[in-house]
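**Q** Quick one: this structure, given as structure tokens, is what I'll be asking you about.
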Amino acid sequence: MAELLLWQWSTAVQISSAALVAIFFVAFRRSTGRREVVWWMCAWLANGLALLVTWMFWFWQPQGLLVPTLQAAYTLCKSAFVAAMVVGAWVFARNRVERPLTLALVLPPLLLTFLGGWWVQSIPQLGMLQASVIALALSSGALICWTAPGRGLLWLGIGFLLRALLAAAEFAAYAWSATAEPGSLPSYVGIFLASHSSFDTGAEWVIALGAVLAVSHRNHAELDASHAELHQAHEALKRVAERDPLTGIYNRRMLPQLIERVRQHGARLLFFDLDDFKAINDSLGHDIGDACLRRFAQALQSNFGEATGVVRYAGDEFVVLLPDTLSSDVASRLDHLRDDLAANDVGVPGIGFSVGDTPIEPGDSPERALLRADKLMYLDKAERRRVPRSATVSPIRPPRVEPPKAG
Ligand SMILES: Nc1nc2c(ncn2[C@@H]2O[C@H](COP(=O)(O)OP(=O)(O)OP(=O)(O)O)[C@@H](O)[C@H]2O)c(=O)[nH]1
């Protein structure tokens, strides 16, 4: 009598727990919107259905043909539960659905357990059939989880293994009770059989927890990946917005921001324009013209390396913003720059330039400072025009073309 009460109590625990988990999974599927969760949602609905059949056994006390019908329905639902749990883990681990293979794996065992449920003659036989299906299916489920890449399915695998071990113990207990002489079955076996549903409930909660953790792990991984992608896209966009594609230095759009940055502590603005650049383009071609622009930008960067900004303003015009702390030796830096650029470089002719140098006054607008520096640059250019170019810069000559090597 006490055993019957225990059996009814633990089965009631499992029924209410399975119903709650089934409701939870329906809500979980809706809130996450993940397709992979559909298998687990169906699994818990099937589990709920299996336990509903148990209720019918209690209240209905079926007779005749209804007995094998309900037995077969129970084994079918219970096997559908473990099959859907395992297939869900498999689909989740591989991140895709291989439908024909899934059906080939699931349908034959379902059919067999349905027929087996129809055929068995006693509760111990029914228990052995069901326990063996659960133990086999869930231990292979645990293997699937633990061999999946990453550790996202670790807890689901633990839940599967716990439930599989319980099923193996239930199989042994049912086998013992089926073969034991009347009255010789140890009482703890009877108590275990009466209460195993409560243990099953605990293991099933671990399975449910494992499924939730798997989804949350995957959501995190996907969020991280999309965050990294966004960060890369943001960096690329920032580069396009801030940098000049030919030389890699800041473009004109950044100038107001850079001026704003340096002017609080006082700074100078140097406006550069290449001399006779059009002639380089016209005589040597635009590729060499481009190489000259790159060479000039590099020379500015290496000569004014500490400067807050080296900017390509337009065509062959460049701006350097130099904090006051570094501007004491502007003249010697400019001389050094001229020396650097005067000689031919590999395939690139010597480059001359004019420059306007002006302090950025407090309260100066960027436009006013630029205008002043531009005017000073033109004065410098006019001055330099009076000096023959060949006196300061190597004559423009086409780059030397190496003869092809023999062989
Ligand atoms: N190769 C190349 N040429 C460019 C680029 N942007 C502008 N230019 C050329 O740069 C030249 C600028 O010429 P200007 O500044 O008008 O004249 P300049 O020959 O330098 O003469 P001065 O400034 O008076 O010394 C034009 O021929 C433009 O076509 C570019 O990205 N690449």
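The values are calculated or read from the model by the stated rules, or taken from the named source; none is laboratory data. The structure presented is a predicted model; accordingly, all values stated were derived computationally and were not measured. As a convention, Cβ positions derive from the backbone with ideal geometry for all residues, glycine included, and neighbour counts pool all protein chains shown.
**Q** From the list ALA131, ALA167, exactly one residue is in contact with a Leu (Cβ under 8 Å, 6 or more places away or on another chain) and either surrounded by 23 or more Cβ atoms within 10 Å (Cβ to Cβ) or in a helix (DSSP H, G or I) (or both). Which is it?
**A** ALA167 is the lone residue from the list that is in contact with a Leu (Cβ under 8 Å, 6 or more places away or on another chain) and either surrounded by 23 or more Cβ atoms within 10 Å (Cβ to Cβ) or in a helix (DSSP H, G or I) (or both).
**Q** Right, another one. Does ARG268 qualify as being more than 25 Å from LEU126 (Cα to Cα), touching a residue at least 40 places away in the same chain (Cβ under 8 Å) and outside the structural domain of LEU51 (by TED's automatic domain parsing)?
**A** Answer is yes for this residue.
**Q** Would a scan of the stretch 51-69 turn up a residue that is part of a helix (DSSP H, G or I) and crowded, with 22+ Cβ neighbours inside 10 Å?
**A** The answer is yes; a qualifying residue exists.
**Q** Could you list all residues from the stretch 334-375 that are over 25 Å from GLY266 (Cα atoms) and in contact with a Gly (Cβ under 6 Å, 6 or more places away or on another chain)?
**A** ALA342, ALA343, ASN344
**Q** Going by the structure shown, is GLY159 out of contact with any His (no Cβ under 8 Å at 6 or more places or on another chain), assigned by TED's automatic domain parsing to the domain that holds GLN8 and at positive phi?
**A** no
**Q** Hey, another quick one. Can you say whether SER177 is closer than 20 Å to SER122 by Cβ and under 42 Å from the mean Cα position of the chain (by Cα), as far as the supplied structure shows?
**A** no
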